[in-house]
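Throughout, read-outs are computed from the coordinates displayed, never taken from laboratory work. Since the structure is predicted, the reported quantities are computational estimates derived from the model, not experimental observations. Ideal geometry is used to build each Cβ from the backbone, glycine not excepted, and the neighbour counts take in all protein chains shown.
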Amino acid sequence: MIDRYAEASGDFNPVHLDKEFASLSQFGSTIAHGMMIASMVSQTMTEAFQDKWMETGKLKLRFKAPVRPGETVQSYGMVKHVDNKHGEKGSLICSVGVKKQNGEDVINGEARVAAPD
Amino acid sequence: MTTEYAGLLAGQTVSSRVFRLDVEKVAAYVEAVDDGSMPWGEGDVQFVPPMAIAAMALQGAIDSIGIPRGTVHVGQEFEIIGPVRVGQTMRSEAVVLQNSVRGEIRLMAVAFTVTDDNGALLMNAKSTLLLPAKI
């Protein structure tokens, strides 16, 4: 997947692709592109909120830990609260991110989407 | 064209690029990230995954700035103003928000504005990178 993402995105940073280069980096091995892992969050929001996400989505993410080849990760999203203004439908504020199987946060952050009709 | 990243100033425009995510590019992206939520749209009108737009905008800026090998991406934001159709032509302008050094690490934040053919805003985005302090 990492190779395919590099081709699709044009990001050939050797930290993702070159084992020798990456072994000398702070990570000690190649790692997945942060944007590739982050796409899981947007996918989760699209599946949950459909047109509303594709038309009004707002995302703020922090990349907390690297994902190495062979690791399994899972995205998550949870509505924290509804931001209503002056009686309007407002927005849903969601806690979002991606975790490894051991529960370690890989990415975390916040997403905002217009409340469903 | 590459620009020495160490000398970039906050507020400086570092790239302004036109790009187009056609059917093939979007399909390659969707496959690469295993996006089960795509394709999204109705009939012949399909939309581009928002993160694909942010990724392409970021890569355009990286190519312009000459970001060094080993640069680490530590933060990403985007705000969708309007959905982008597959095949739609877009312009992405990247402006440096922050370029500061602490020890041997440089923190660089870049803001992106993605617009359509008519200049209408499609997306705002921001990427935060860690890179070597010195070239």
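Before moving on, here are some points about what is shown:
- Distant-in-sequence amide contacts of B:Arg106, defined by a placed amide H-H separation under 5 Å and a gap of 5 or more residues or a different chain, comprise B:Leu131, B:Ala133.
- What the Cβ-Cβ distance of B:Leu97 and A:Asp18 gives, at R0 = 41 Å and to the nearest 0.05, is a FRET efficiency of 0.90.
- Residues with amide H under 5 Å from that of A:Val106, placed H, sequence gap 5 or more: A:Val98, A:Lys99, A:Lys100
- FRET efficiency, 1/(1 + (r/R0)^6) with R0 30 Å, evaluated for B:Ala10 and A:Asp3 via beta carbons: 0.25
- Shown here are the Rg and Dmax of the Cα trace of the protein assembly as shown, at 17.7, 58 Å.
- Close amide H pairs (under 5 Å, H built 1.01 Å from N) link B:Val74 with B:Thr128, B:Leu129, B:Leu130, residues at least 5 positions away or on another chain.
- Along its principal axes, segment B:9-132 has C-alpha extents of 54, 32, 21 angstrom, given from the largest down.
- For chain B, the longest principal axis of the Cα atoms and the long axis of helix B:23-33 meet at an angle of about 70 degrees.
- Placing pseudo-labels 7 Å out from each Cα toward the beta carbon at B:Leu107 and A:Lys100 gives an inter-label distance of 2.5 nm.
- Label reach from B:Glu24 (point 7 Å along Cα→C-beta): in segment A:1-32, amide nitrogens under 18 Å belong to A:4-11.
- Measuring between their Cα centroids, segment A:31-98 and segment B:51-90 lie 17 Å from each other.
- Inter-site label distance for B:Asp44 and A:Glu71 at 7 Å from Cα along Cβ, in nm: 4.5 nm
- Likely footprinting exposure, B:Ile67, B:Ile53, B:Ile105, fewest C-beta neighbours within 10 Å first: B:Ile105, B:Ile67, B:Ile53
- Degrees between helix A:34-49 axis and first principal axis of chain A (Cα, 0 to 90, nearest 10): 30 degrees
- From phi via Karplus (6.51, -1.76, 1.60), per-residue ³J(HN,Hα) for segment A:107-117 in Hz, x at Gly/Pro: 9, 9, x, 9, 10, 10, 8, 4, 5, x, 5
- Taken along the Cα-to-beta-carbon direction at a fixed 7 Å, the label points for A:Val82 and B:Ala120 span 3.0 nm.
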